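S.K.: The following block contains the structure, expressed as structure tokens.
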Amino acid sequence: MKTLTIRQPDDWHLHLRDAAILKAVAPFSAAHFKRAIIMPNLVPPVVTAADAMAYREQIVAALPPDSDFQPLMTLYLTEGSRADDIEAGFRDGLVTAVKLYPAGATTNSQSGVRNIEAVMPVLERMAEIGMPLCMHGEVTDPAIDIFDREAVFIERVLQPLRRRLPELRIVMEHVTTKDGVDFVQAAGENTAGTITTHHLIINRNAILAGGIRPHYYCLPVAKRETHRLALRKAATAGEGRFFLGTDSAPHVDPLKECACGCAGVFNAPNTLACLAHVFEEEGALDRLEAFTSLNGPSFYKLPVNERHVTLRWNDEPVEVPSKINAGGETITVFDPMFPIHWSVESGAS
Ligand code: NCD
Ligand code: ZN
């Protein structure tokens, strides 16, 4: 019987939403992960330390009673954010990181940053106090092709910022291109990259070939196969500055399956099973733990988790629900398009 025991994973990029969706999805993340970096793009967004405190309470209330899942809160950076408020939240231990959305780049990013100069005082303070910045790495310039928006962001925003504030700890989130991988590799110890489960599995054909499949549409949008292969290599090589951020981003089905559907893939229920499959395919099961459980804490300067989880390979494919219920609506679970044989043993020890 094939099993793999690893330190309990963390998810370094997660959307839990609020209200009925939060209640429906939080138990899936809490079942497998010890901690997660919680994205602040609610409506309205989580901007101040007080907002983060209130959201944290909502999350904790949505967890199963015996859960010790720890939400690591982030603040949504706006051009009106105050460095003192952000620093106070960080020093209190309430807030772990700040999230920068270029205005208009993705779901609920309208209040994000238009002009990076306007947030430089906040970024300078974060560099001083060692607070990580999570960046959604896409330009929003409508003249730039959607498949090029990450590469152009690196050139126009990330590289200049990297040079200007070398001490700032930057996470380039949900890297989807070889350009992103190359950037993180070349950028030195204060730069890391997260990679999602689905970008290791699908390329853009999944969305567009043989019919349009909205449940594979997310942002940054999946790119061509060469990019997927570069991501696989970075994730499975055990390189220390790449780690898991699932970007599990639930939307109810009517908002995905319509003429102008929302971006986001909901992968929390089967992420670890899918990752074990991918790492096994790459002959890298022995490096899964680095990607899910070691590299993230090391970059965020947090301890690794004490407990372990065991993944088991089952001879028969495992039944995974294709949809879950959230307040009377359904949310579709990521379908990796291969049979899932791995399962996570319940009860970390
Ligand atoms: C995310 C969402 O729905 O909040 N969507 C997505 O496609 N990833 C936003 C984001 O992380 O870009
Ligand atoms: Zn996201």
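The values are calculated or read from the model by the stated rules, or taken from the named source; none is laboratory data. The shown structure was predicted, so the numbers you read here are calculated from the model rather than taken from an experiment. For neighbour counting, all protein chains shown are included, and Cβ atoms are generated from backbone atoms with ideal geometry for every residue, glycine included. Only protein heavy atoms, including side chains, enter the accessible area calculation; ligands, DNA and RNA are left aside. Shrake-Rupley method; radii C 1.70, N 1.55, O 1.52, S 1.80 Å.
S.K.: Can you tell which of A88, A36 is part of a helix (DSSP H, G or I) and at pLDDT 95 or above? Reasoning before the result, please.
M.R.: On the way: A36 fails: part of a helix (DSSP H, G or I).
Sole residue among the options that is part of a helix (DSSP H, G or I) and at pLDDT 95 or above: A88.
S.K.: Of the residues M53, M39, which single one is crowded, with 18+ Cβ neighbours inside 10 Å and not acidic (D, E)? Write out each step before concluding.
M.R.: Details: M53 fails: crowded, with 18+ Cβ neighbours inside 10 Å.
On inspection, the qualifying residue turns out to be M39.
S.K.: Let me ask something additional. Looking at the stretch 112-135, can you tell me whether even one residue there is open to solvent by 10 Å² or more (accessible area, probe 1.4 Å), under 18 Å from P45 (Cα atoms) and of a type outside the set (A, V, I, L, M, F, W, C)?
M.R.: Checked the stretch 112-135: at least one residue is open to solvent by 10 Å² or more (accessible area, probe 1.4 Å), under 18 Å from P45 (Cα atoms) and of a type outside the set (A, V, I, L, M, F, W, C).
S.K.: Every residue in the stretch 299-342 that is out of contact with any Lys or Arg (no Cβ under 6 Å at 6 or more places or on another chain), over 20 Å from T196 (Cβ atoms), among the β-branched types (V, I, T) and part of a loop (DSSP other than H, G, I, E, B), please.
M.R.: Residue satisfying the conditions is V318 alone.
S.K.: Please count how many residues of the stretch 88-111 are open to solvent by less than 20 Å² (accessible area, probe 1.4 Å) and in contact (Cβ under 8 Å) with a residue 40 or more places away in the chain. So that I can check it myself, show each step before the final result.
M.R.: First pass over the stretch 88-111, keeping only residues open to solvent by less than 20 Å² (accessible area, probe 1.4 Å): 89, 95, 97-103, 105, 109.
Then drop every residue that is not in contact (Cβ under 8 Å) with a residue 40 or more places away in the chain, which leaves 89, 95, 97, 99, 101-102, 105, 109.
Qualifying residue count, the stretch 88-111: 8.
S.K.: Moving on to the next point. Out of the stretch 305-337, which residues are touching a Pro at 6+ places or on another chain (Cβ under 9 Å), closer than 22 Å to R287 by Cα and surrounded by fewer than 15 Cβ atoms within 10 Å (Cβ to Cβ)?
M.R.: None; the set is empty.
S.K.: Tell me, please, whether a residue that is under 23 Å from G130 (Cβ atoms), within 15 Å of ligand 2 (Cβ to nearest atom), at pLDDT 95 or above and not in a loop (DSSP other than H, G, I, E, B) can be found in the stretch 50-66.
M.R.: No, because not a single residue in the stretch 50-66 is under 23 Å from G130 (Cβ atoms), within 15 Å of ligand 2 (Cβ to nearest atom), at pLDDT 95 or above and not in a loop (DSSP other than H, G, I, E, B).
S.K.: Follow-up. Checking Y76 against (1) under 20 Å from R114 (Cβ atoms); (2) exposed (fewer than 15 other Cβ atoms within 10 Å of the Cβ): exactly one of these is not met. Which one?
M.R.: Here Y76 clears every test but (2).
S.K.: For the stretch 211-242, enumerate the residues that are within 21 Å of A26 (Cβ to Cβ) and more than 10 Å from ligand 1 (Cβ to nearest atom). Even if it seems obvious, please write down each step before you answer.
M.R.: Of the residues in the stretch 211-242, the ones within 21 Å of A26 (Cβ to Cβ) are 215, 218.
Selection gives H215 alone.
S.K.: Is there a residue in the stretch 169-191 that is open to solvent by less than 10 Å² (accessible area, probe 1.4 Å), touching a Lys or Arg at 6+ places or on another chain (Cβ under 9 Å), of a type in the set (D, E, K, R) and modelled with pLDDT of 95 or more?
M.R.: Within the stretch 169-191, the subset open to solvent by less than 10 Å² (accessible area, probe 1.4 Å) is 170-177, 180-181, 184, 191.
With the extra rule that they be touching a Lys or Arg at 6+ places or on another chain (Cβ under 9 Å), the set shrinks to 170, 173, 176-177, 181, 184, 191.
Going one step further and asking which of them are of a type in the set (D, E, K, R), we end up with 173.
The next check asks that each one be modelled with pLDDT of 95 or more; those that pass are 173.
There is at least one residue in the stretch 169-191 that is open to solvent by less than 10 Å² (accessible area, probe 1.4 Å), touching a Lys or Arg at 6+ places or on another chain (Cβ under 9 Å), of a type in the set (D, E, K, R) and modelled with pLDDT of 95 or more.
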